[in-house]
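Colleague: Shown below is the structure under consideration.
The values are calculated or read from the model by the stated rules, or taken from the named source; none is laboratory data. Quick caveat: nothing in here was measured; it's all calculated off a predicted structure. Cβ: placed from backbone, ideal geometry, glycine included. Neighbour counts: every protein chain shown.
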Amino acid sequence: MATIRSFSAYRPRKDIVDRVAALPYDVYNRKEAEEEVRREPMSFLKVDRAETSFGPEVDTYAPCVYDKAGELLTKMIDDGIYLSEQKPVYYIYELIMDGRHQTGLVACAAIDDYINGIIKKHENTREDKELDRIKHVEACNAQTGPIFLAYRSVDKVNRIINRIKNTEKLYGFTAPDGITHNVWVIDGDEDIAAIGEAFDNINEIYIADGHHRSASAVKAGLRKRAANPGYTGEEEFNYFLSVLFPHDQLMIMPYNRVVKDLNGYSSSEYLSLLSEKFDITKSNMPVSPEKKGEIGMYIEGSWYRMNVKDGIVPSDVVGCLDVSVLQDNVLSPIHGITNPRTDTRIQFVGGIRGLEALEQMVDGGMKVAFSMYPTSITELFDIADNGKLMPPKSTWFEPKLRSGIFIHRI
């Protein structure tokens, strides 16, 4: 059974929440982060990426950067930018992109559920990225960016959320990127108890996005436990900030691939090698795959539609993913890209950027691009349930949760 509990958040004043809310720290490089903080000095990005307070001579991971993050968060609280909720509550967080609504529950998940496998992952994490966020959590004494979790839809929870959404909003604003963000508070004792009881009957929760942040939150909590051997389990450091979405609310976009070279093959040789595993037809339009087993390819100014031949796709839950089919039949054997996580010849392009981005990259010097059919939420669940891991960059979730709207002090 999953333990999901309410919490007393620190949250921005209503009149400035739109200025404070920021995209996740890891969607920016350092230069982009600096530009965004200059554009909006109140952006929470200045806390999530505190190196923006320093010149380029200061390393992104220098101790003073983490100290600065803690100072900036404390100052925002002291200056009244943040208010403290008077009692533990849940929040409803709705995001609207291109007319599509996605509604989740803001709550705290238990680090023990992560440790014992109730909260399931589908990606590996890197120790250096984990350490960065552990230091950030410890310097701020808070979790600032929610983990994007998914669960199989529960009618009891849906009914409560739908009823509360008919009441007055706590927040409502549209960000510069056009995404609308709405927030309501669930503060009724009966509703709070009912939601907790509903999750008592859920045995699987899935990390959709935020594997590094969740691993970091858990390890930071374990370090707090070690420093407080008399802990009871009720302390806030035993829980981490999350937004939980029912599976039928989520949209996964494709994660496309662009490769720098053809590994010494001519384009005619390359197409001949591909034809051993795929039926290939030239297209007079950009190819956005319409079904599983179909891949678009852009090379030398032309688009092609590739359909995998019968008998090529294995039956296991990881091998049958389209990203695995491309990796196992094209990227590894033809390009020699055996580790796409570290090979510098491959780049990954989120589906939100569209097919035009693929064309621009190839026309600008890369050699070939592949447009993918998106991985489904069912495939994600199946892989996590089987204790398997997806290939890197298999899923791209949109819209992105904002940081800085909810702060969980630990």
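Colleague: Regarding THR74, is this residue assigned to a loop (DSSP other than H, G, I, E, B) and farther than 16 Å from SER242 by Cβ?
Modeller: no
Colleague: Within the range 154-176, does at least one residue satisfy the condition of being outside any helix (DSSP H, G or I), at pLDDT below 95 and within 26 Å of ILE16 (Cα to Cα)?
Modeller: Checking the range 154-176: at least one residue is outside any helix (DSSP H, G or I), at pLDDT below 95 and within 26 Å of ILE16 (Cα to Cα).
Colleague: Please work out which residue is surrounded by the most Cβ atoms within 10 Å (Cβ to Cβ), limiting yourself to the range 381-393 and to residues that are within 16 Å of the chain's Cα centre (by Cα) and not in a helix (DSSP H, G or I).
Modeller: MET390
Colleague: Can you run down the residue pairs with Cβ atoms below 8 Å, 6 or more apart or on separate chains, where the first is in the range 6-20 and assigned by TED's automatic domain parsing to the domain that holds ILE186 and the partner is of a type in the set (S, T, N, Q)?
Modeller: Taking only residues 6 or more apart or on different chains, the pairs are SER8/SER84; SER8/GLN86; ALA9/SER84; TYR10/SER84; ASP18/THR174; ARG19/SER43; VAL20/SER43.
Colleague: For LYS169, which of the numbered conditions (1) touching a helix residue (DSSP H, G or I) at 6+ places or on another chain (Cβ under 9 Å); (2) surrounded by 14 or more Cβ atoms within 10 Å (Cβ to Cβ) fails to hold?
Modeller: (1)
Colleague: Oh, and also: Pick from ILE115, ILE119, ILE96: which is among the hydrophobic types (A, V, I, L, M, F, W, C) and surrounded by 20 or more Cβ atoms within 10 Å (Cβ to Cβ)?
Modeller: Sole residue among the options that is among the hydrophobic types (A, V, I, L, M, F, W, C) and surrounded by 20 or more Cβ atoms within 10 Å (Cβ to Cβ): ILE119.
Colleague: Consider TYR151 carefully, then state whether it is surrounded by 14 or more Cβ atoms within 10 Å (Cβ to Cβ) and touching a helix residue (DSSP H, G or I) at 6+ places or on another chain (Cβ under 6 Å).
Modeller: When the stated conditions are applied, TYR151 does not pass them.
Colleague: Something else: Could you tell me how many of the residues in the range 357-396 are of a type in the set (Ser, Thr, Tyr) and within 12 Å of HIS122 (Cβ to Cβ)?
Modeller: Number satisfying all stated conditions: 3.
Colleague: Sticking with this structure for a sec: Write out, first by first residue and then by second, each pair whose Cβ atoms fall under 9 Å of each other, whose residues are 6+ apart or on separate chains, and whose first residue, in the range 87-105, is part of a loop (DSSP other than H, G, I, E, B) while the second is surrounded by fewer than 19 Cβ atoms within 10 Å (Cβ to Cβ) and of a type in the set (Gly, Ala, Ser).
Modeller: Matching pairs, first to second residue: LYS87/SER8; PRO88/SER8; ASP98/GLY178.
Colleague: Which of the residues spanning the range 364-380 are in a helix (DSSP H, G or I) and surrounded by 23 or more Cβ atoms within 10 Å (Cβ to Cβ)?
Modeller: LEU380
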